[in-house]
Amino acid sequence: MNDDRAARKGKEAERSPVVFFVDDEPGIRGSFSTLMRRRGFKVLEAGSADEAGRLIELVHDPIDVLLMDINLPDGWGGTLAQALLEEHPEMVVVYTTGYANDDPILSGALNDAPYVLRKPFTSEELLKMLSGAMEDGKEGGALGG
């Protein structure tokens, strides 16, 4: 391993994982953001597609996970995720949804996404999903989206 790559790996091990959490429900966003922060994550939050688009332009550090509600009032989460991946191709996308089981079109759209959390989900389910997604991302696994 060359020196630059070893230095980057060392810095990655030192920093807290970064989660960009986009969900239009303030209660969900607030409670799960608090949980993630308590578990050592750095959490960036947005309540809409528009807010997420503005915030991502200000972020220059690597984002490990995009935790994205698929159905936002002002945009489709999948479209937003693709746009955000252009700016931060290293991040892994984890979709959340409360509608996929009821909507055959939405359910079909998520079939190819490797990481989907169905609402309501528990703290343990979220942390397990984040851990698995980040591990796959480190190994060069599927990004989702």
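Where a number appears in this text, it was derived from the coordinates with a stated rule and is not lab data. Predicted model, so just to flag it, every value in this text is computed and none were measured. Quick reminder, even Gly has a Cβ in these numbers, built from the backbone with ideal geometry, and neighbours come from all protein chains shown.
Tabulated results
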item: Extension gain, E125 back to R39 (0.36 nm per residue minus Cα-Cα distance, nm); result: 29.6 nm
item: Loop-located trypsin sites (Lys or Arg not before Pro) in region 10-94 whose Cβ has at most 12 other Cβ within 10 Å (DSSP); result: R15
